Amino acid sequence: MRKGFSSFFPIATQLSCKGHLEQDIRRKMRDLGIGLFHEQLFFEDIFGSEAKKELGLIDAVSRDEFDAMLESLYPVWTRRELEARQLSSEDSTLFHSYFLHHVAEDMKSTMIASVRKRTGYDDSFFFNNDQESVNNPSKHVWKRRSSVGLNAHSNSRKWQRSKKETSTGH
């Protein structure tokens, strides 16, 4: 969807929802068998920690700073994943690679501090929960309409078929 919008709005700055990214990362960690204790440590590296007053990858002020921070996290994340998944040092880890190939570019383009500042979010994050909750009732109306339409159509076809069978004696 993002690519489609960019062709019509080439100078617009696009933002990704922090909540959805958190959900995606949590899901991946569960899939990898990384428990809550270690998950929290990864999250602090990625999103920072208000309690500890620490910044995370998401707070990078440039793409270059993000890349340098992510590179410096490789040995940390490798050790942490080995421990969390109870792997030997010869086993391969997966989270850093997942993050690098599926998250990093999107995060750099749509979520780091410089992007948020450019769009007026500064130290805040974009969440699209409000938009989704506004759209949610519409989704249910359309689902109901389409299912009613399908049922009415299929019922009328059944009625026509049974009427035809009755009139022809079959």
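The values are calculated or read from the model by the stated rules, or taken from the named source; none is laboratory data. Owing to the predicted nature of the structure, the values given are computational and were not obtained by experimental measurement. Here Cβ is always computed from backbone atoms with ideal geometry, including for glycine, and neighbour counts include all displayed protein chains. Each accessible area value is taken on the protein alone, full model and side chains, heavy atoms only, with ligands, DNA and RNA left out. Shrake-Rupley method; radii C 1.70, N 1.55, O 1.52, S 1.80 Å.
The set of residues in the stretch 21-36 that are without any contact (Cβ under 8 Å) to a residue 24 or more places away in the chain and of a type in the set (A, V, I, L, M) contains only Leu36. On inspection, Ser92 passes the criterion of being among the small types (Gly, Ala, Ser) and modelled with pLDDT under 95. Of the helices (runs of 4 or more DSSP H) lying entirely inside the stretch 20-114, those containing at least 2 residues that are among the polar types (S, T, N, Q) are 63-84, 104-110.
Every residue in the stretch 23-58 that is under 19 Å from the mean Cα position of the chain (by Cα), modelled with pLDDT under 90 and open to solvent by 30 Å² or more (accessible area, probe 1.4 Å), please. None; the set is empty. Just so you know, in the stretch 68-101 the residues that are open to solvent by 50 Å² or more (accessible area, probe 1.4 Å) and in contact (Cβ under 8 Å) with a residue 40 or more places away in the chain include one that is farthest from the chain's Cα centre (by Cα), and it is Glu83.
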